[in-house]
Amino acid sequence: MKKNRKLPKDEILFRVIGYPPLFLFALICVLPFILVIGSSFASEKEIMVHGYSLIPRQFTLESYKTIFQNPESILRAYGVTIFITIVGTVVSTFICMMTGYVLMRKDFRWRNRFSFYFFFTTLFSGGMMPWYMVCVNLGLKDSILALIVPSLVSVWNIILVKGFVGGIPYEITESAKIDGAGDFQIFVRLIWPLSTPVIATIGLFTALGFWNSWYNTMLFINDSNLYSLQYLLYKLINDAQALKQIAAESNEIIETVPIESMKMALTVVVTGPILLLYPFVQRYFIKGLTLGAVKG
Amino acid sequence: MKTKQPAYKPKKTSFFRELYLRRTLLLMLVPAVVLVFIFNYVPMGGAILAFKKFNYRDGIWGSPWVGLKNFQFFFKSGKAAMVTRNTALYNIAFIITSTFLEVFFAIVLNEIYQKKLKKLVQSFIFLPYFISWVVVGSIAYSLLNYETGTLNSILTSLGFDRINFYSKGGYWPFIIVIFNAWKGVGYGMVVYLASIVGIDGSIMEAAEIDGANIFQRVRYITIPSLTSTIITLTLLALGKVFRGNLDLFYQVVGQNGMLFNYTDVIDTYVFRLTLKASDIGQTVAIGLYQSVLCFITILIANWVVKRKNEDYSLF
């Protein structure tokens, strides 16, 4: 429709007004990442003299070397985060799917009551302190479960599932029942395979949430073996002492520790997987968002 | 979500027969029901601590009642007014800036016909949504810190004085609004873009043939078809006007006491008190105060949405 025709004046004007802010904003969205990556390869001296820069004048791996001379704490945090992301996402997605399906079953007389039971929690909450005390009383302090269990149920995901599953014809459930299939069987064998789009959506958003989570660690974990990746980064960036600790373990002389570039290198190390995966997964997120926008 | 007459009408059976018949379905609900009970409903009960002076020896039930004392302290200290005002004003600023940018960018992006360019721009703007707030905090620090921050490097190279952002509160409302937009606009833009794509193409073509220029098409077709989404999303956001984004405020600003007058919101205040765990009754009271405030605003917002457009109301 729009092939090779001369642009009318109004469209030229539209572009003159619209494109610069759009492209500028797009650039602003990406530049900080380049800045962080660039600075992570700069020498400490250069950062001190010239500040952070997009392209380092002198390329050095010093900061990465310092970090990876003693990578134990980072690798352990990676392990923790990968573990909670996988376990949390699988369990959470399954629970939300199952719950959403039951709440959509038209022959289930109490579905509205249960729906309200879940929905009410989005309107009112007891606040952070009582929640914190409940978690502590359950023995979640210094337990890896503290990073998973409190975040397993997402009412918004249940609502999303309800909307999606509602679009699957009820006759499928009904005919399977007549054939003698049990309710759980119907869910696993018939509904689950038909729900791939919504499973992908809530799965991806849940995984992103677990990967990026930090404050459950801050509230409940003192044992540094159980630090999640984001919390470790938070701690290292905000606590120069902890950063020097890492450097000291790798036999650096404290004065020459490349603190500033190390902060940037750590940020790169922590964000790396997300940045690498981003080009491949972003379209699924966009699809999911559209799904949510239409149904939600 | 309200009681629509179900197409399929369940037969009336006795309670216990129903319980037996639905045992599998009920069992399937157990995990979520139990988790929500423990992590949502039990804390609601724990909110009675707002009216008690908690001590560990007497526990939740044994601790003495103190009436509204916990609230009084919060209000008398002047903190209540400050954090409540900050929370509401920030959220309103977020709503205005984000909505404007999201709609504007979605409209412009939709008019880019080079597919590759469009995808690229969209990917760029969506990118910050994926990274954690901790990383955003790290990025903020690399831009703003006094000695080596990029912004200060630029300022000095232009012949200006360095600005110590981390000790001057006045800059922070702008910084926070910018970072909020930076991280969130991509998400909203995609939502609006989806509803623009949903507009019937033949209407656009007809308008074009009738000689409507692009501004007229945007003004009379695109924007009107977005208004109901804009209004709904805005009202829902207004419903959460007293809920501060802990991630944003805690990670971008940090624990910097010098800035609190400008940057402290209810959530960060409660979070700090929770970490300290020194005066539990008071912390619970502030949390409860916020919950009630949120509850009321959500009800109002929902009522307004419902009057405007029934389909979009939450309940």
Worksheet item: Do we have residue A:195 as more than 9 Å from chain B (Cβ to nearest Cβ) and either modelled with pLDDT under 90 or buried (at least 18 other Cβ atoms within 10 Å of the Cβ) (or both) here?
Response: yes
Worksheet item: Got a sec? Which of A:93, A:85 is more than 8 Å from chain B (Cβ to nearest Cβ), in contact (Cβ under 8 Å) with a residue 24 or more places away in the chain and crowded, with 24+ Cβ neighbours inside 10 Å?
Response: A:93
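Can you pull out every residue in region B:286-315 that is of a type in the set (Phe, Trp, Tyr) and either crowded, with 17+ Cβ neighbours inside 10 Å or facing chain A (nearest Cβ under 10 Å) (or both)? Reasoning before the result, please.
Taking region B:286-315 as the starting set, the residues that turn out to be of a type in the set (Phe, Trp, Tyr) are B:289, B:295, B:303, B:312, B:315.
Result: B:289, B:295, B:312, B:315.
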Fill in: Among residues of region B:267-285, those that are in contact with a helix residue (DSSP H, G or I) (Cβ under 6 Å, 6 or more places away or on another chain) and more than 10 Å from every other protein chain (Cβ to nearest Cβ), counted
2
Worksheet item: Inside region A:25-55, can you point out the residues that are of a type in the set (Phe, Trp, Tyr) and at the interface with chain B (Cβ under 8 Å from one of its Cβ atoms)?
Response: A:25, A:33, A:52
Worksheet item: If you go through region B:144-184, how many residues are among the basic types (Lys, Arg) and assigned to a helix (DSSP H, G or I)?
Response: 1
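Within region A:98-111, can you find the residues that are assigned to a helix (DSSP H, G or I) and either of a type in the set (D, E, K, R) or at the interface with chain B (Cβ under 10 Å from one of its Cβ atoms) (or both)?
Taking region A:98-111 as the starting set, the residues that turn out to be assigned to a helix (DSSP H, G or I) are A:98-104, A:111.
Answer for region A:98-111, where residues must be assigned to a helix (DSSP H, G or I) and either of a type in the set (D, E, K, R) or at the interface with chain B (Cβ under 10 Å from one of its Cβ atoms) (or both): A:98, A:99, A:100, A:101, A:102, A:103, A:111.
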Item to complete: Considering only residues that are part of a loop (DSSP other than H, G, I, E, B), more than 7 Å from every other protein chain (Cβ to nearest Cβ) and closer than 19 Å to residue A:183 by Cα, look in region B:1-41 and name the one that is modelled with the lowest pLDDT.
Response: B:9
Discussion item. Quick check on region A:126-136. Is at least one of its residues in contact (Cβ under 8 Å) with a residue 24 or more places away in the chain, in contact with a helix residue (DSSP H, G or I) (Cβ under 7 Å, 6 or more places away or on another chain) and over 28 Å from residue B:288 (Cβ atoms)?
Written reply: no
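Being under 30 Å from residue B:63 (Cα atoms) and either basic (Lys, Arg) or not assigned by TED's automatic domain parsing to the domain that holds residue B:177 (or both) is the requirement here; does residue B:276 meet it?
Details: under 30 Å from residue B:63 (Cα atoms): yes; either basic (Lys, Arg) or not assigned by TED's automatic domain parsing to the domain that holds residue B:177 (or both): yes.
Yes: the conditions hold for residue B:276.
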Fill in: Residues being farther than 24 Å from residue A:277 by Cβ and more than 9 Å from chain A (Cβ to nearest Cβ) - total across region B:90-128
16
Worksheet item: Do the conditions hold for residue B:202, that is, is it facing chain A (nearest Cβ under 7 Å), among the hydroxyl-bearing types (Ser, Thr, Tyr) and in a helix (DSSP H, G or I)?
Response: no
Practice prompt. Please verify whether region B:113-121 includes one or more residues that are outside any helix (DSSP H, G or I) and in contact with a Phe, Trp or Tyr (Cβ under 8 Å, 6 or more places away or on another chain).
Written response: no
Worksheet entry | Those residues of region A:112-135 which are buried (at least 20 other Cβ atoms within 10 Å of the Cβ) and either outside any helix (DSSP H, G or I) or more than 7 Å from every other protein chain (Cβ to nearest Cβ) (or both), in sequence order | A:125, A:126, A:127, A:135
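The values are calculated or read from the model by the stated rules, or taken from the named source; none is laboratory data. This structure is a prediction, so every number in the text was calculated from the model and none was measured. Reconstructed Cβ throughout: ideal geometry from the backbone, glycine too, with neighbour counts over all protein chains shown.
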